[in-house]
Amino acid sequence: MRHPYWRLLVFVLVAVWPLYWLYQAWSFALGPDPGKVLVERLGLGALILLLITLSMTPLQKLSGWSGWMAVRRQLGLWCFAYGVLHLAAYAVFILGLDWSQLAVELRKRPYIIVGAVALFGLLLLAVTSNRYSQRRLGKSWKKLHRLIYLILPLGLLHMLWIVRADLQEWAIYAALGAVLLVLRIPALMRRIPRIGGAGQKVQPK
Ligand code: HEM
């Protein structure tokens, strides 16, 4: 396995946040509604991890360092894990595990449907992210993983629906997302200049 310490560092850096937030909730450091804060932090964490995952290929192209690609799959899986924790926190702290309220909730918060579709897309990418699926699906694997073009805008739409009035933070994520999606166009990806390192050729997904 290449870059084992770098992989471990990334693992620790990403795993530590949900534990830290839980600790903060436990010690009453998240204000009067810690459940809501946990839902928001995990949702934002999932979106940020999606953006970070998408930036790995351009960073590899730019720097020539293969370490970026070594952690890309891990980061994508973490994005999914944060999404699952976000859903679990919603079910426990907002829904109170009262599933009879789900229909009312969906009418009150229709953006949940958009989030659920995005999470389902992330599930499909997560379960097919291994080498076995890559071999089995052949060319369809690339097509399937183009779902990312849909998942990111859905995640951004889900957030926009919630933040509405406070557009500044959303606009930063949306702009970053737009740049990263445009960079995935192979003709543009090939034009990224190499600033450092020898590096290898990278096939954009
Ligand atoms: C079934 C799936 C999902 C459900 C039920 C869900 C539910 C929610 C709810 C209820 C909130 C608002 C909490 C509040 O302030 O009242 C929220 C916020 C958010 N969610 Fe989701 N979500 C889902 C999937 C996702 C996914 C897949 C992403 C990212 C890719 C995501 C990203 C966000 C973001 C960025 C916020 C805003 C956080 C903030 O206010 O700073 N959600 N979600």
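The values are calculated or read from the model by the stated rules, or taken from the named source; none is laboratory data. What you see is a predicted model, and the numbers here were worked out from it, not measured in a lab. Backbone-built Cβ (ideal geometry, glycine too); neighbour counts: all protein chains shown.
Details
- Test result for Gly45, surrounded by 15 or more Cβ atoms within 10 Å (Cβ to Cβ) and closer than 19 Å to Tyr149 by Cα: yes
- Hits in the range 20-42 - residues which are surrounded by 15 or more Cβ atoms within 10 Å (Cβ to Cβ), more than 21 Å from the chain's Cα centre (by Cα) and of a type in the set (A, V, I, L, M): Ala25, Leu30
- Leu95 being among the aliphatic types (A, V, I, L, M), under 15 Å from the mean Cα position of the chain (by Cα) and either within 16 Å of the ligand (Cβ to nearest atom) or at pLDDT 95 or above (or both): no
- Test: residue in the range 71-80 that is modelled with pLDDT of 95 or more and near the ligand (Cβ under 8 Å from one of its atoms): yes
- Subset of the range 50-62 (residues that are out of contact with any Lys or Arg (no Cβ under 9 Å at 6 or more places or on another chain) and either over 13 Å from Ile148 (Cα atoms) or more than 8 Å from the ligand (Cβ to nearest atom) (or both)): Leu51, Ile52, Ser55, Leu59
- Taken as a whole, the structure places Ala174 among residues that are more than 25 Å from Trp65 (Cβ to Cβ), surrounded by 12 or more Cβ atoms within 10 Å (Cβ to Cβ) and among the small types (Gly, Ala, Ser).
- The lone exception for Leu180 - which of (1) free of Cβ contacts under 8 Å to residues at least 60 places away in the same chain; (2) within 23 Å of Phe11 (Cβ to Cβ); (3) surrounded by 15 or more Cβ atoms within 10 Å (Cβ to Cβ) it fails: (1)
- Restricted to the range 134-177, and to residues there that are under 15 Å from Leu123 (Cα atoms) and not hydrophobic (A, V, I, L, M, F, W, C), the residue that is nearest to the chain's Cα centre (by Cα) is Gly155.
- A Cβ distance below 8 Å, combined with a sequence gap of six or more or placement on separate chains, defines the contacts here; from the range 131-160, residues that are over 21 Å from Ser55 (Cβ atoms) reach no residue that is among the charged types (D, E, K, R) and assigned to a helix (DSSP H, G or I).
- Of all residues in the range 125-145, exactly one satisfies the criterion of being surrounded by 13 or more Cβ atoms within 10 Å (Cβ to Cβ) and of a type in the set (Lys, Arg), namely Lys142.
- Hits in the range 98-116 - residues which are in a helix (DSSP H, G or I) and more than 11 Å from the ligand (Cβ to nearest atom): Trp99, Ser100, Gln101, Ala103, Val104, Arg107
- Only a single item in (1) more than 9 Å from the ligand (Cβ to nearest atom); (2) aliphatic (A, V, I, L, M); (3) modelled with pLDDT under 95 is not met by Val163, and it is number (1).
- Once the range 146-155 is narrowed to residues that are at pLDDT 95 or above and more than 8 Å from the ligand (Cβ to nearest atom), the residue that is surrounded by the fewest Cβ atoms within 10 Å (Cβ to Cβ) is Leu150.
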